[in-house]
Amino acid sequence: MHLERALELRPDLVTARVALGNTLMRRGRVDEAVVQYRAAVAADPTSARAFNNLGYALLQQNRYPEAQEALERALRNDPNLATAHNDLGMVKARRGDAAAARAQFERAVAIDPRYADAHNNLAAMLLSEGRLQAGLAHAELAVAAQPTLADAHGNRIAALARLGRYADAWAAVRTARAAGVAVPGWLLDALAKLMPEPRG
């Protein structure tokens with residue numbers, strides 16, 4: 001691998017370490033990715049991206065205190081790194097701090113209004129709080145930004161159903177299918193109990 005060769009020649013090459021970590025993450029080799037990200041932040045403690053990626057990898061390992069520390073370091077280095085705000089929001093949500101999580105998701109979408117994952121995370125949080133209209137709005141923004149984001153379609157359909165807009169929910173199912181997104185069977189079953197799927 002070219003990245004590994006580059007690191008043999010320059011062990012402190014932060015960009016290569018982050019890129020190798022990203023490759024390992026895509027392959028599901030999270031433990032090895034963490035090693036690369038830790039080496040990257042050791043080589044350059046000012047790299048917000050390296051701390052962000054380390055925090056995200058630790059989040060995948062359910063190592064929440066360490067993930068939070070890395071993500072907070074990322075944001076000290078770059079307060080406007082939307083992905084770090086989103087990932088920190090995920091950590092806060094998993095640690096049971098809904099208000100802090102929501103604030104992080106809100107900051108992420110304020111920085112990057114087309115950040116689909118952050119809109120979707122915010123939608124899910126608002127829906128869990130019973131704030132259906134606000135949750136629907138963010139689910140729709142997520143779908144608009146990334147039409148193949150399955151969770152966003154699910155949140156949109158669920159929000160419409162909970163608002164009693166059953167025909168609109170079925171229209172949202174058709175939109176999801178047209179985008180190649182498979183709607184979960186349990187969600188279709190729940191919607192069908194409220195209103196049978198329209199024909200035609």
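Worth a mention:
- Within the range 104-200, helices (runs of 4 or more DSSP H) holding 2 or more residues that are among the small types (Gly, Ala, Ser) and touching a Lys or Arg at 6+ places or on another chain (Cβ under 7 Å): 132-145
- Considering (1) surrounded by fewer than 19 Cβ atoms within 10 Å (Cβ to Cβ); (2) among the charged types (D, E, K, R); (3) over 21 Å from residue 165 (Cβ atoms), the lone condition that residue 102 does not fulfil carries the number (1).
- The residues on offer are 164, 180, 135, and the sole one that is out of contact with any strand residue (DSSP E or B) (no Cβ under 6 Å at 6 or more places or on another chain) and closer than 25 Å to residue 101 by Cβ is 135.
- Verdict on residue 26 being surrounded by fewer than 19 Cβ atoms within 10 Å (Cβ to Cβ) and farther than 18 Å from residue 104 by Cα: yes
- Number of the exception - residue 62 against (1) surrounded by fewer than 17 Cβ atoms within 10 Å (Cβ to Cβ); (2) in contact (Cβ under 8 Å) with a residue 24 or more places away in the chain; (3) assigned to a helix (DSSP H, G or I): (3)
Residue-wise test of (1) modelled with pLDDT of 95 or more; (2) out of contact with any Phe, Trp or Tyr (no Cβ under 9 Å at 6 or more places or on another chain); (3) among the polar types (S, T, N, Q); (4) more than 13 Å from residue 90 (Cβ to Cβ).
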position: 102; (1), (2), (3), (4): yes, yes, no, no
position: 106; (1), (2), (3), (4): yes, yes, no, yes
position: 112; (1), (2), (3), (4): yes, yes, no, yes
position: 118; (1), (2), (3), (4): yes, no, no, no
position: 130; (1), (2), (3), (4): yes, yes, no, yes
position: 136; (1), (2), (3), (4): yes, yes, no, yes
position: 143; (1), (2), (3), (4): yes, yes, no, yes
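Residue-wise test of (1) over 18 Å from the mean Cα position of the chain (by Cα); (2) at pLDDT 95 or above; (3) in a helix (DSSP H, G or I); (4) within 19 Å of residue 110 (Cα to Cα).
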residue	(1), (2), (3), (4)
6	yes, no, yes, no
11	yes, no, no, no
15	yes, no, yes, no
18	yes, no, yes, no
56	no, yes, yes, no
90	no, yes, yes, yes
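- Test result for residue 131, surrounded by fewer than 19 Cβ atoms within 10 Å (Cβ to Cβ), charged (D, E, K, R), under 27 Å from residue 169 (Cα atoms) and free of Cβ contacts under 8 Å to residues at least 12 places away in the same chain: yes
- In the range 67-82, the residues that are under 13 Å from residue 54 (Cβ atoms) reach residues that are of a type in the set (Val, Ile, Thr) with C-beta atoms within less than 6 angstrom, at least six apart or across chains, in these pairs: 67/91; 68/91; 77/46.
- Condition check for residue 39: surrounded by 14 or more Cβ atoms within 10 Å (Cβ to Cβ) and under 16 Å from the mean Cα position of the chain (by Cα): no
- Residues of the range 158-182 satisfying the condition of being among the basic types (Lys, Arg), farther than 23 Å from residue 125 by Cβ and more than 23 Å from the chain's Cα centre (by Cα): 174
- The range 170-190 - residue that is within 14 Å of residue 139 (Cβ to Cβ), touching a residue at least 24 places away in the same chain (Cβ under 8 Å) and of a type in the set (A, V, I, L, M, F, W, C) and, of those, surrounded by the fewest Cβ atoms within 10 Å (Cβ to Cβ): 179
The values are calculated or read from the model by the stated rules, or taken from the named source; none is laboratory data. Given the structure is predicted, the values throughout are model-derived calculations rather than measurements. So basically every Cβ, Gly included, is an ideal-geometry build from the backbone, and we count neighbours across all protein chains shown.
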